[in-house]
Structure formats: structure tokens, C-alpha cells
Amino acid sequence: MGENAKNNALYSVKMRSSALKNGENRHISGAESITEAAGVPAVCESLVSRAQNHALGDADEIHIKIEKIKREDVIYLKALPVTSRTASSASEGREIMRLELERLGVKRAREVLAKLAETYRMRGAMLLDADSLERLEDDAERGLRVTRMDAAEDLESARPPLKPVKNHFREALVLATKAAHAPGVLAEICVSDDPQYTTGYVASQKSGYVRIGPLKEKGDGNGGRILLYRGASPRECIEFLQKKPVLVTGVPRLPPGAAAPPRMAQTTAAFLEAAIEEKKKAHLYRQTTVIESAPGPKIVYGGREILLLASNNYLNLASDPRLGAAAAAAAEKYGSGSGGSRLTTGTIYEHELLEAELAEWKGTEAALFFSTGYMANTGVIQALCSKSSVILSDEKNHASIIDGCRLSGARTIVYPHLCMEYLEEKASLYYGSGGLIVSDSVFSMDGDAAPLPRLAEIAKKYGFFLMLDEAHATGVMGETGGGLSEMYGITPDASVGTCSKALGGEGGFVCGSSVLINYLKNYSRPFIFSTAPSAPTTAAAREALRILRSEPERVRALREAVQFFCEQLRLRGIGAKSESAIVPIQIGDENRSLKIAHNLIKKGIYIPAIRYPSVPKNKAILRAAICCAHKKEDLDFAASVIAKEIQESAV
Ligand SMILES: *Cc1c(COP(=O)(O)O)cnc(C)c1O
């Protein structure tokens, strides 16, 4: 026998979960499946996953019960026919339910419906004598659990692991079909306890499965089930409901007349084209533009020289011959690629030296160099936080921070831009959780700065780790371009920065304690699983840092240029101010911002229109970025042309 008998057996797998609330064990969810031996582990996994992701909350206990079923005991039942009734309100829905019950010969339907409230905290269903309304279950507190049933198709299709998402309709129809066939069951009524699911049903062999919705308000987590019995042997009925294995055939995926599910995202060319069309219609379509010269205050674009008020090359180091020479020398010595990740064969002295220099410059014990700032941000957050962490993040933080939060799976609370009251309230709520507060230091779209002293104070008071992203502040803020941390003399727990902006190269970095850096080397996936930055990149970064530290006059010149440009705009009636190198000019309408940007290019000035999703919808801006090498006459000219275009585009 052995193998054969084993292959032939079926298994009923049941899950129920509960939570402890005020010392009481409260039922949260239950689900079950019938499967062949090979399907048992996958079914267990999906049921557990479902218990862990239930709308009614986290489970404190999850019970799985696996029972062997003899195949010859199984009966097959055809799914009840389904009809749908739509009500205009929950109370109308309950009226429909009452009328359905009366049609089935239940005289005290109104009282039956009132009893639904008594089932809300029960694990199982209530079994009522249809006439006397006497309760017939063995255990009135738990109720009666209808079990050992499934859709036959799911079993026969050697099913892939069940989705941890519940298909309410399918599961309800399977249960209703079994219940309606139990000896003596006249009818069943059910309201779901899922707060998001307001539909329920009346089911019977006579009228089939009558789907009714809504039966309650959205957000209401109260639901229950009542079986109405008429007969002389409730025991037989209970035995059937609890023990008889039933497979239901012909269970539809969706209720008839239900709206088709939202179109599934596809990878077909037609789908991609439609998605692109959507962007174009909303004036949000983007393309790459090709620049035909080195970056600088002026560039060659479309075959002619134009004034560039758009680059992050704030200190004009991107085309500085000294960086080029350092990169060339490093390429000569070490080649163009590093050939391995930092933890395998990719590390050279240039990396270690750069990291030591960065740490010394930022006043921290250690530093770590990543291929990009994007990777540094995702890499730090993902390494420090997990599903059980709390992150407090400014709503205008850079996309790489947002992605880091998502990657970590942490509970991320987004606080209104710069709103320290809100931040403090949340931080106090999670006092002692050892979570993370993360903020841009200079925000990339509007160029405004975070209140670092308050951030540091809140982080310290409530035991949070403070991470500051100095991407747009490096080389810009503080006397010598040391960022906000230099400006305020405050060292956050982790300072992230990038060499790709004022430092004129590429590569991101994190400065912090030695233990933090060692931890990141071991846990930060973008650091571990990506090829080390090349020698030319790393050498250029070192040279840029050396220049920044030895030529603070660049930082001063940048600040003066920004102030001059803002003044020239204000003189012409355009509100403009900036604490950093970024000067946002408010426009609003996406299409208008595009038109202005387009006209500016024609007049020899490149300023991009920044639209959703970089800024909120209908809050498009022209985002001017100033470089320390911009001449006053050029900035004056730009201000006058911008003012004219804005005034002319106003309707
Ligand atoms: C540009 C930017 C980054 C990403 O840096 P890269 O080196 O370009 O990947 C991260 N954070 C902020 C705030 C930025 O502006």
C-alpha cells in the first residue's frame, strides 16, 4: 500500500487566528482548504500568510489543523446558482434579506436578523431552529464551524499556492452550497466581517445563493452567519456541517454582473503604448535631451550655445580639468572598471582613502562610498530598518529615500513638509522604538532647508536615529560647503551625500560611526551586490573634495550668484527666494510650465519645467539652478526673459 494510499488521501487544512484583547482571546479569521498531500505545505503557507495580513488586525495566535480525509467519503455538490440584489443602503439591504427569508418560509425573519448581532464575536455560525429560534449548537459561545469543503476545481487543477488574498465570493459560495445541502437546513444568512466587504447573502437549496449588498457600512468589521434549521435531528445536521467532506463543482470566479476586475497590468506593447499615451495627454510625458558639450554655466544644445540654469553642477567642478586629470591618471593606473564588488575584488586604495577623507571632512569616525547617492539612501534605510521598524519621513523627501523606506518594509509615517510639531507627536508616540527619522537637508525641488537643530533635538529626545541627506547641500550650505551639518555644527547619526552634484562627479556616500559603517558593509545590499565605483570616478571624487576644501571662495561665489538672480527676478515682479542653489519659480499648470520652458530655450535659456510626479499635480515649477560660474550679466538677462515669458503666458 504505502505510496498509493498516501497519494490517494486528501487533507483538510484549517486555519483560525485570534488576538488577545483585554485579556480575551478574540477570533479574527478562519479559512480552510481541501488538498492532496503534495499541496499541504503550500496551502499552510498561504493560510498563515492570510492570517498575518487580515484586515481586522494582527493575530496573536494562529492555529493550523491538518486532517486526513478518505477520498471515498467525499461528496460532490454543484454550486448553488447565484443571483445578485443591489440595495441603495445598508438598511435597504437588510430589508431585502428579511424578505428573502420570509419567502423561504421563515416567519420570524425580523428576529432572526436581530440575532445577527449576537454572532459578531463568535468563531462559528449560529444554528437556530427556524420556528422556535432556539439555539442548537453544542457550544453556544463558539458557534458551529462549517468545515471540510472546497471548490473542486481548485483541487483538481493541482493548484498553485493559494493567493493569500481572500476571494470572498468563491469561498462564501462553497460554504453556502455545503450548508444548503445539510439535512434540515432551510436557509443561511451571512454578513462578512471584513470591514472593506459590505456584501452578504441568503442561501438555500430553494432560491440558490442570493447575493445582497450593501448590508453594512464600509469600515464596519461586524459580521456573522446564521443557519436556520427545521427538522427532528439537529445532530445529523451538525455532523454533516462539521465532518462531511464536500467538493463543490462549477464555482465561478466572479459573481454574475460583477464589474470586471481592473485591467491587469501587462507587458504587451499595446499596454505600454496606452500607458505612454496617458502621460502625453496629461502633459507629463518625458524624454531625454542630449547636451553636446561639457557641463558648465553655458552648454551646447541643439547645435548652439545656451545659458544653462538647470544643472546640479553648482561649483562648476564637473568640467574642471583637475578632476579630469585625476580621473585620467586613475584610469591609466587602475583601468576603467573595478571588476568586482567592494567586498570581493573591487576595492582599491582610492576607495579607502576617499572614505577616510570624507569622514575627516564631515567629522565622523568613518564613511562608506556607494556607486550613487540613490544607492546610498536605499542602502542605508534598507539595512537599518525592517518590517518591524518605524520610519518618520518628510513628505518632500527625495525618491531614493522613499524607495529605501519601501524596500525596508518598515511602517513609514510621512510627516507634512517641515512640520516639526507633527514629527514630534509621532516620535513621542513611538518613543523608544529605536526608529529612524530621515530628511533631505536641502529639498531637491524647492531648494528649501530642513530645521536640522529641531530634527536633532526630536531624534535625541525620543531615541530615534537621525539620517540627513545632504545631496543638494554638499558644497552649497555652510561656510565651506560642508552642508547643513556644518551650518549648524550638528552631526547627524548618518549623513548621506553625493559626489554627483556640487562635487562634479558621481558616487554617493554615508558618514557616521565606525559601527554604523561596518554594519552597512555587512547588511547594505546596494553596497554588497553592486560593482565597486571605478577608479576614475573615485579619484575624481577625491580631487573634488580637495578642491572644495581648499577653495571655499567657490561656495561664496555661488551664494552671491543665487542672491543676485533672486533679486533680479523680484525687481521684475517674480517672487523668488532661495536658501540654497535652487530657485523655484511657481507656475502651476503643467502645460503652461512646458510652454514657458519651451520659449525660454528658443531664447537661449535652459530651465526645466518640473511637473508631477516630481512635484504635486498642478504645482508645476520652473526650477532654476545656479552655478558659481554664472556671470551677473547672464543672470540679469535670464531674469528679464523669464519675467517676460511668465507675464506673456498668463491668460
Ligand atoms: C540627486 C539626489 C540623490 C541621488 O543622488 P545620485 O548620486 O544622483 O544618485 C539623493 N538624494 C537627493 C536629495 C538628491 O537630490
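Okay, residues lined up against (1) open to solvent by 20 Å² or more (accessible area, probe 1.4 Å); (2) basic (Lys, Arg):
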position: Asn8; (1), (2): yes, no
position: Ser12; (1), (2): no, no
position: Lys21; (1), (2): yes, yes
position: His27; (1), (2): yes, no
position: Ser49; (1), (2): yes, no
position: Asn53; (1), (2): yes, no
position: Ile66; (1), (2): yes, no
position: Asp73; (1), (2): yes, no
position: Ala79; (1), (2): no, no
All-but-one check, Asp193 against (1) within 16 Å of Val251 (Cα to Cα); (2) at pLDDT below 95, failing number (1)
Ala471: passes all of (1) more than 10 Å from the ligand (Cβ to nearest atom); (2) at pLDDT 95 or above; (3) within 26 Å of the chain's Cα centre (by Cα); (4) open to solvent by 10 Å² or more (accessible area, probe 1.4 Å) but (1)
Of those in segment 342-392 that are assigned to a loop (DSSP other than H, G, I, E, B) and within 18 Å of the chain's Cα centre (by Cα), the residue farthest from the ligand (Cβ to nearest atom) is Ser388
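Could we say that Glu360 is at pLDDT 95 or above, within 24 Å of Tyr488 (Cα to Cα), open to solvent by 60 Å² or more (accessible area, probe 1.4 Å) and out of contact with any strand residue (DSSP E or B) (no Cβ under 8 Å at 6 or more places or on another chain) here? Quick ask: steps written out before the conclusion?
Details: at pLDDT 95 or above: yes; within 24 Å of Tyr488 (Cα to Cα): yes; open to solvent by 60 Å² or more (accessible area, probe 1.4 Å): yes; out of contact with any strand residue (DSSP E or B) (no Cβ under 8 Å at 6 or more places or on another chain): yes.
The answer is yes for Glu360.
Being part of a loop (DSSP other than H, G, I, E, B) and small (Gly, Ala, Ser) is the filter; apply it to segment 398-421 and report the residue that is farthest from the ligand (Cβ to nearest atom).
Per the criteria, the residue is Gly409.
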Here the residues within segment 236-274 that are surrounded by fewer than 11 Cβ atoms within 10 Å (Cβ to Cβ) and at pLDDT 85 or above are Thr268, Ala269, Ala270, Glu273
(1) within 16 Å of the ligand (Cβ to nearest atom); (2) open to solvent by less than 40 Å² (accessible area, probe 1.4 Å) all hold for Met445 apart from (2)
If we ask which residues in segment 474-513 are within 12 Å of the ligand (Cβ to nearest atom), within 30 Å of the chain's Cα centre (by Cα) and open to solvent by 10 Å² or more (accessible area, probe 1.4 Å), their number turns out to be 3
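State all residues of segment 606-620 that are at pLDDT 95 or above and surrounded by 22 or more Cβ atoms within 10 Å (Cβ to Cβ); if no residue qualifies, say none.
Narrowing segment 606-620 to residues at pLDDT 95 or above: 606-607.
Selection gives Ile607 alone.
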Discussion item. Just to be sure before I move on: is Tyr430 more than 23 Å from Pro584 (Cα to Cα), touching a residue at least 40 places away in the same chain (Cβ under 8 Å) and more than 16 Å from the ligand (Cβ to nearest atom) in the structure I sent?
Written reply: yes
Checklist entry - Quick check: is even one residue across segment 537-546 at pLDDT 95 or above and loosely packed, with under 15 Cβ neighbours inside 10 Å? => result no
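Against the condition free of Cβ contacts under 8 Å to residues at least 24 places away in the same chain, in the same structural domain as Ala638 (by TED's automatic domain parsing) and small (Gly, Ala, Ser), how does Ala609 come out, does it pass? Working first, answer last.
Working: free of Cβ contacts under 8 Å to residues at least 24 places away in the same chain: yes; in the same structural domain as Ala638 (by TED's automatic domain parsing): yes; small (Gly, Ala, Ser): yes.
Considered against the rule, which asks whether it is free of Cβ contacts under 8 Å to residues at least 24 places away in the same chain, in the same structural domain as Ala638 (by TED's automatic domain parsing) and small (Gly, Ala, Ser), Ala609 comes out as yes.
Considering only segment 64-71, I want to know if a residue exists there that is outside any strand (DSSP E or B) and more than 25 Å from Ala179 (Cα to Cα). Walk me through how you get there before you give the answer.
Going residue by residue through segment 64-71, those that are outside any strand (DSSP E or B) are 70-71.
Keeping just the survivors that are more than 25 Å from Ala179 (Cα to Cα) gives none.
Within segment 64-71 (the criterion being outside any strand (DSSP E or B) and more than 25 Å from Ala179 (Cα to Cα)), the answer is no, since none of the residues qualifies.
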Exactly one of Glu395, Glu424 is more than 13 Å from the ligand (Cβ to nearest atom), modelled with pLDDT under 95 and either surrounded by fewer than 18 Cβ atoms within 10 Å (Cβ to Cβ) or among the charged types (D, E, K, R) (or both), and that one is Glu395
Those residues of segment 101-123 that are assigned to a helix (DSSP H, G or I) and either closer than 12 Å to Leu186 by Cβ or in contact with a helix residue (DSSP H, G or I) (Cβ under 7 Å, 6 or more places away or on another chain) (or both) come to a total of 7
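Before we move on, is Ser640 part of a helix (DSSP H, G or I) and either in contact with a Lys or Arg (Cβ under 7 Å, 6 or more places away or on another chain) or crowded, with 20+ Cβ neighbours inside 10 Å (or both)? Even if it seems obvious, please write down each step before you answer.
Values: part of a helix (DSSP H, G or I): yes; either in contact with a Lys or Arg (Cβ under 7 Å, 6 or more places away or on another chain) or crowded, with 20+ Cβ neighbours inside 10 Å (or both): yes.
Criteria met by Ser640.
One residue is enough: does segment 510-529 have a residue meeting the conditions outside the structural domain of Glu352 (by TED's automatic domain parsing) and either in a loop (DSSP other than H, G, I, E, B) or under 23 Å from Ser408 (Cβ atoms) (or both)? Give the derivation first.
Our first condition is that a residue be outside the structural domain of Glu352 (by TED's automatic domain parsing); within segment 510-529, this holds for none.
Within segment 510-529, none of the residues are outside the structural domain of Glu352 (by TED's automatic domain parsing) and either in a loop (DSSP other than H, G, I, E, B) or under 23 Å from Ser408 (Cβ atoms) (or both).
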Quick count over segment 425-472, residues being part of a helix (DSSP H, G or I), closer than 27 Å to Lys577 by Cβ and in contact with a helix residue (DSSP H, G or I) (Cβ under 6 Å, 6 or more places away or on another chain), is 4
The condition of being open to solvent by 10 Å² or more (accessible area, probe 1.4 Å), touching a Pro at 6+ places or on another chain (Cβ under 8 Å) and in the same structural domain as Ser338 (by TED's automatic domain parsing) holds, among Ser408, Ser371, only for Ser371
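The values are calculated or read from the model by the stated rules, or taken from the named source; none is laboratory data. Values in this document were obtained by computation on a predicted structure and should not be read as measured data. No Cβ is skipped: glycine too gets one built from the backbone with ideal geometry, and neighbour counts run over all protein chains shown. To get the accessible areas, we keep the full protein, side chains included, count just its heavy atoms, and leave off ligands, DNA and RNA. Shrake-Rupley method; radii C 1.70, N 1.55, O 1.52, S 1.80 Å.
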